[in-house]
1. In nm, give the distance between the simple-model label positions of residue 5 and residue 110, each being 7 Å from the Cα along the Cα-to-Cβ direction.
2. Using the Cα gyration tensor of the range 232-274, with a ≥ b ≥ c the square roots of its eigenvalues, what is the shape: rounded (a/c below 1.5), prolate (a/b larger than b/c) or oblate (neither)?
3. Could you check the simple spin-label distance between residue 47 and residue 241, using points 7 Å along Cα→Cβ, in nm with one decimal?
4. Where does each of 43, 229, 331 land when they are ranked from fewest to most other beta-carbon atoms within 10 angstrom?
5. What distance in nm separates the simple spin-label points at residue 96 and residue 319, each placed 7 Å from Cα in the Cβ direction?
6. Take every Cα-Cα distance within the range 247-361, group them into 10 Å bins from 0 onward, and report for each bin the whole-number percent of pairs it holds.
7. How big is the equivalent ellipsoid of the range 182-242 along its three axes, where each semi-axis is √(5λ) from the Cα gyration tensor, reported in whole Å from largest to smallest?
8. Where does each of 188-200, 204-216, 278-290 land if you order them by average Cβ count within 10 Å, highest first?
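Throughout, read-outs are computed from the coordinates displayed, never taken from laboratory work. What you see is a predicted model, and the numbers here were worked out from it, not measured in a lab. Backbone-built Cβ (ideal geometry, glycine too); neighbour counts: all protein chains shown.
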Ligand SMILES: [Zn+2]
């Protein structure tokens, strides 16, 4: 007998069986029971989280032939139930928008939709990856969604909600499918292994569950791979041989390298990630997910429920989260976002990834440069013309009290944020009497400046204060004046 892949063999058949989407399943089953089924649904979520399974279960609930009205517990036996499960029912049309993007496909659908269903209560259109439709196709679909015949239901599914026009979204009831947590995936894997009568070490189950990255389908296809190799028990040795290192493990280690200012280690992390067959875009997603989790843990503390991570992993992540400050996370996430955009529109994404991780791992040096530049800018007003106009009104006006707070959001734009905030008035009294004239030779003698020159292939043209640094200078002299005034 031919081997049926696990995802198909064990596809959820009822609302109760859908793993990890309990709230959505309850809402839909209540809608069916109370006869309040909407004419259009929009299921969104990453791949393999149960959208198609849920769509088919809803279709069975509406069309099950064993009862006289829609039921939240379809029989699974009647012709309608069986054929819907196989995706082959005459009244439940499944369309893959990825390969039927054109307006003609949707026109066919519209022309067809006016006819009553062949034998069931409803004609149901399940359109997968609906975001792939062309503009013309969306417009055609919109007309049907606005005034569908009473016997027609639409279930649209997408992995990229932002690409679905607002006009379509607003005519559907939206259901957001969550990524499935590791524990839920692991529990499902245990059930399936038991049904398949295969023994597996618990560590293997956890590893597969984590590798799946929230997708039940991915978990099951990994298990397919293991079963194809494994004679007898699934143990760790087999897993080491066959399965890639979990992507979150690679990103975890990569960020340890970043925290340890180890650009070479970070580059190896990129290599490991990509050599396991994952794409550059996937890398950006994984990096951003990981950074977001770390930032939430750093800001809200280990116990927060804003970060969706299970127990053991949470302890490790919380420890890593403490290696950066909030400002650095903001900076790294902004960089990751830019990176993702650049990667999408670039043919040389590998170079971009490598440059980005080197940039992250060398943030300390970059921030030293910035700190060095701003300390140079803190030299006397004589060499910093920009400081002059700012300095004069001070004579007549009291110092604005909130200048340092007002600047602090700006300082979050780089990891040097923590350093920049050192430009508060506190250390100021020592500054003014000690600053020397920053002449050209002295500036060039600074190794950090020379490093900056090397990195950016620059040359020294002038020494002057930036507007922000000038304001800092101003603050400092004010504070110095205040200090003197107090004496
Ligand atoms: Zn049935």
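1. 3.4 nm
2. Prolate.
3. 2.8 nm
4. 229, 331, 43
5. The modelled label-to-label distance comes out at 4.4 nm.
6. Result returned by the calculation: 15, 49, 30, 6, 0.
7. Each semi-axis is √(5λ); the values are 16, 13, 10 Å.
8. My ranking of the peptides, most packed first, is 204-216, 278-290, 188-200.
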